[in-house]
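What follows is one structure encoded as structure tokens, with my remarks underneath.
The values are calculated or read from the model by the stated rules, or taken from the named source; none is laboratory data. Remember, it's a predicted structure, so these values are computed and weren't measured experimentally. Using ideal geometry, Cβ is built from the backbone for each residue, glycine included, and neighbour counts are taken over all protein chains shown. Surface areas here come from the heavy atoms of the whole protein model, side chains and all, with no ligands, DNA or RNA. Shrake-Rupley method; radii C 1.70, N 1.55, O 1.52, S 1.80 Å.
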Amino acid sequence: MAVPRSALKKWEKVREFALGMPGAVEEFPWGETVAKANKKVFVFLGVTDGSYPMGVTVKLKDEAAHAHALTCPGAEPAGYGLGKAGWVSIPLEQKGAPAAELLCDWVEESYRTIAPKRLIAELDTR
């Protein structure tokens with residue numbers, strides 16, 4: 001199954017942004033792409049091979065951001081019980097999916113929730 005070009009471009013921007021965070025590393029547990037800070041996942045980026053719809057999963061503690069994310073077409077609390085902790089899965093292929101800039105804002109919020117204070121301080125000095 002082919003991945004829509006617009007979804008792939010958004011995914012690439014979000015991935016690049018996430019990996020630009022201080023101390024961020026890319027890993028591939030469970031066959032999907034994730035970005036971690038201090039060995040903790042701050043964004044799940046899924047797969048790009050078309051075997052599953054493209055999307056991102058972020059942890060949003062801010063109530064307004066969390067509520068906004070859930071209004072996106074197809075968005076839902078993340079599976080495996082992660083939704084109870086504020087994780088939201090946002091599909092990228094649906095019509096009306098959020099722009100890359102908004103997704104990057106949410107990735108930064110998720111990073112700030114997960115990353116240690118020293119890395120957040122480094123981000124704030126940029």
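Summary table below
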| read-out | value |
| --- | --- |
| In Å², nearest 10: area of Ser51 left accessible to a 1.4 Å probe | 90 Å² |
| Amide hydrogen neighbours beyond the local backbone of Phe42, cut-off 5 Å, H modeled | Ala35, Lys36, Ala37 |
| Positive-end residue, the chain charge dipole about Cα centroid, Cβ charges, pick of Phe17, Ala121, Ala67 | Ala121 |
| On Cα atoms only, tilt of 5-19 relative to the major axis of the chain in degrees | 10 degrees |
| Total charge dipole magnitude, the chain, about the Cα centre, Cβ charges on Lys, Arg, Asp, Glu only, Debye to nearest 20 | 200 debye |
| Residues with amide H under 5 Å from that of Trp87, placed H, sequence gap 5 or more | Leu60, Ala78 |
| Accessible area in square angstrom per residue, the chain, 1.4 angstrom probe | 56 Å² |
| Residues in the stretch 14-32 that a label on Ser51 would reach, taking backbone N under 18 Å of a point 7 Å out along Cα→Cβ | 27-32 |
| Eligible aspartates and glutamates near Lys9 by straight Cα distance, threshold 19 Å, same-chain separation 8 or greater | Glu26, Glu32, Asp49, Glu93, Glu101, Asp105, Glu108 |
| Dmax and Rg, reported as Rg then Dmax, of the stretch 49-114 (C-alpha, Å) | 11.2, 33 |
| Average Cα contact separation per residue, the chain, under 8 Å, 6 or more apart, as relative contact order % | 27 percent |
| With every protein chain in place, the stretch 4-102: carbon and sulfur % of accessible area (1.4 Å) | 53 percent |
| The chain: angle of helix 100-114 to the longest principal axis, Cα-based, in degrees nearest 10 | 40 degrees |
